[in-house]
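Visitor: Below is a structure I'd like to ask you about.
The values are calculated or read from the model by the stated rules, or taken from the named source; none is laboratory data. It should be emphasised that the depicted structure is a prediction, and the values quoted were computed from it without experimental measurement. Positions of Cβ are generated from backbone atoms using ideal geometry, with glycine treated the same way; all protein chains shown enter the neighbour counts. Ligands, DNA and RNA are excluded from the accessible area calculation, which covers all protein heavy atoms including side chains. Shrake-Rupley method; radii C 1.70, N 1.55, O 1.52, S 1.80 Å.
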Amino acid sequence: MRDVSQAFWIAVPVGLSLICILLGLVPVGVGTGGTIAPIFTLAVVYFFSVHRPEFFPPWAVFFIGLLQDIMSGGPLGLYTVVLLAAYALTHSQRLFLMGRGFSTLWVGFLAICAISAVIMWFGASVHYGIAVNPLPLLWQAGITALIYPPVSFILTRINRQMTILAPAA
């Protein structure tokens, strides 16, 4: 019975990540005349790595990253590496981040966005065999950082319901 319950609760962040993949496929216009899509899944991975890592194991993060790679049409493995790196870095700082105010969590997310942009720049540059222009990735990191407050607000409400309904892990 515990396995069924655990699988159900793992489905919550995975399901939210799937929705975020679809949201991320909708580009946002920026002042440069181009379009940039925020990485909504990065916010979900960060949030659950801090608040509910027991319900978002690394294999689920891998699955979400791979699916995002396939659906985005970018270099295969790039989002997978970015999300797994974000998960590992966040998880390693979980004790520091837990119980902190929103400002501290947001600064932590800003750092994750910056690190993710560097990983994406390096991965894309290696994939295409040239140093790609980092500006779109910096815009994407900035837009991703800006979407964290509303995404966090929603995820906090869901997490509160999970805390009420979920069995002790």
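Visitor: Hey, what did the chain get for relative contact order, percent, Cα under 8 Å, at least 6 apart?
Guide: After rounding, I find 23 percent.
Visitor: Tabulate in residue order the Karplus-calculated ³J(HN,Hα) for segment 70-82, using 6.51 cos²θ - 1.76 cosθ + 1.60 with θ = phi - 60°, rounded to whole Hz; enter x for Gly and Pro.
Guide: 5, 6, 7, x, x, x, 5, x, 5, 5, 4, 5, 4
Visitor: Quick check: the angle from helix 40-51's long axis to the longest principal axis of the chain, C-alpha only, nearest 10 degrees?
Guide: Rounded to the nearest ten degrees, it is 40.
Visitor: How much solvent-accessible surface does I158 expose, in Å² to the nearest 10, with a 1.4 Å probe and all protein chains in place?
Guide: 50
Visitor: Then there is this: Using a Förster distance of 30 Å, how high is the FRET efficiency between F96 and I130, based on the Cβ-Cβ distance and rounded to 0.05?
Guide: 0.20
Visitor: If you line up the long axis of helix 102-128 against the longest principal axis of the chain, both from Cα atoms, how many degrees apart are they, to the nearest 10?
Guide: The angle comes out at about 50 degrees.
Visitor: Normalise the Cα radius of gyration of segment 38-169 by 2.2 N^0.38 Å (N = residues in it) and let me know the number.
Guide: In units of the 2.2 N^0.38 Å rule of thumb, it is 1.06.
Visitor: By how many nm would the segment from L165 to F153 grow when fully extended, if each residue of separation counts as 0.36 nm and the alpha-carbon distance is taken off?
Guide: 2.4 nm
Visitor: Sticking with this structure for a sec: In segment 59-109, what is the volume of the convex hull around the alpha carbon atoms, normalised per residue and reported in Å³?
Guide: Spelled out: Cα convex hull of segment 59-109, divided by residues, is 84 Å³.
Visitor: Once both axes come from the Cα atoms, what is the angle between helix 135-165 and the longest principal axis of the chain, in degrees from 0 to 90, rounded to 10?
Guide: Long axis of 135-165 versus the principal axis of the chain: about 10 degrees.
Visitor: Whole number in Å², please: accessible area per residue of the chain, 1.4 Å probe, ligands, DNA and RNA not counted.
Guide: 52
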